[in-house]
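The values are calculated or read from the model by the stated rules, or taken from the named source; none is laboratory data. All values derive from a computational prediction rather than experimental measurement. A quick note on method: Cβ atoms are made from the backbone with ideal geometry, for glycine too, and the neighbour counts reach across all protein chains shown.
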Amino acid sequence: MSTPLPPFPKRQDPSDEPVLMELAPRDAPQLRADAARNRARLLEAATRLVEEHGVANVTMEAVACAAAVGKGTVFRRFGDRTGLLMALLDHTEQRFQAGFLSGPPPLGPGASPVERLHAFGCATLRQASEQLDLYLAAEPDASRRFSSAPYRVRLMHVTMLLRQAVPAADTDLLAQTLMGYLDPALINHLTRQCGMPIERLESGWHDLVNRTTCSV
């Protein structure tokens, strides 16, 4: 996550698709087989803790205990608690990226840009609501919120679809606006603090996309 990412392009060919991007840097060294097994073991232990006790109780110490390793091993592998939580999200994020970049329509290629925008937002809302505690706990600090790899891939995807749907609009700013609707912190506020069902957020997303793509 600490590797600087390339500047977000101001304009690109509307047909260009963003590429799959891992949360971990692409130039990260390959793990030895035993190290990879240990990492998988730690993530399995962390996953169990999330399922059994909630994200709030997932600490480096708890994961070390559950995996029967020293606490230092967990810190060496993930750096800190945020790094551990981001690693837990990595697999889910990879599957989600693959779905909207190369999966079946309407989420993936093969549907119209507007149809794909509708599907992307609903899929994002559902995924975030299902793993909301994990998303909130792994939220990057303010200085990294809009430069994290997952956010940038999603932003590039939404921008690409908007450029195809409404090429004359300021799609860079419109994409940021649409992404704001899908912010886990906002989803948390609307669903848990305001009591709105996720279906209402999905309806709101459809309305927002329609207004954005039809009136610009």
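The residue that is farthest from the chain's Cα centre (by Cα), counting only those in the stretch 182-198 that are surrounded by 18 or more Cβ atoms within 10 Å (Cβ to Cβ) and within 19 Å of V158 (Cβ to Cβ), is I187. When V153 is tested against (1) within 21 Å of Q94 (Cα to Cα); (2) among the aliphatic types (A, V, I, L, M); (3) assigned to a loop (DSSP other than H, G, I, E, B), only condition (3) is not met. Within the stretch 186-216, being of a type in the set (G, A, S) and either in contact with a Phe, Trp or Tyr (Cβ under 8 Å, 6 or more places away or on another chain) or modelled with pLDDT of 95 or more (or both) holds for G195, S203, G204. Going through (1) in a loop (DSSP other than H, G, I, E, B); (2) surrounded by 21 or more Cβ atoms within 10 Å (Cβ to Cβ) one by one, A142 falls short only on (2). With respect to the conditions (1) touching a His at 6+ places or on another chain (Cβ under 9 Å); (2) in the same structural domain as A137 (by TED's automatic domain parsing), A62 falls short on a single one, namely (2). Annotation: P6 fulfils all but one of (1) modelled with pLDDT of 85 or more; (2) part of a loop (DSSP other than H, G, I, E, B); (3) surrounded by fewer than 14 Cβ atoms within 10 Å (Cβ to Cβ); the unmet one is (1). All conditions but one from (1) modelled with pLDDT of 95 or more; (2) touching a Phe, Trp or Tyr at 6+ places or on another chain (Cβ under 8 Å) apply to R152; the one that does not is (1). Restricted to the stretch 154-167, and to residues there that are buried (at least 21 other Cβ atoms within 10 Å of the Cβ) and either in contact with a strand residue (DSSP E or B) (Cβ under 7 Å, 6 or more places away or on another chain) or in contact (Cβ under 8 Å) with a residue 24 or more places away in the chain (or both), the residue that is nearest to F78 (Cα to Cα) is R154. Against the test of being exposed (fewer than 15 other Cβ atoms within 10 Å of the Cβ) and assigned to a helix (DSSP H, G or I), the options R39, R76 yield a single qualifying residue, R76. Taken as a whole, the condition of being free of Cβ contacts under 8 Å to residues at least 40 places away in the same chain, in a helix (DSSP H, G or I) and more than 18 Å from E51 (Cβ to Cβ) applies to E115.
Selection of first residues in the stretch 77-102 that are of a type in the set (V, I, T) and of second residues that are modelled with pLDDT under 90 and in a helix (DSSP H, G or I), restricted to Cβ pairs under 9 Å at least 6 apart or on distinct chains, gives the following pairs, ordered by first then second residue: T82/A137; T92/L134. For the stretch 168-187, filtering for residues that are among the acidic types (D, E) and in contact (Cβ under 8 Å) with a residue 24 or more places away in the chain leaves 1.
Among the candidates R144, R95, R126, which residue alone is modelled with pLDDT of 90 or more, under 21 Å from the mean Cα position of the chain (by Cα) and either of a type in the set (K, R) or more than 30 Å from C214 (Cβ to Cβ) (or both)? Checking each option against the conditions leaves just R126.
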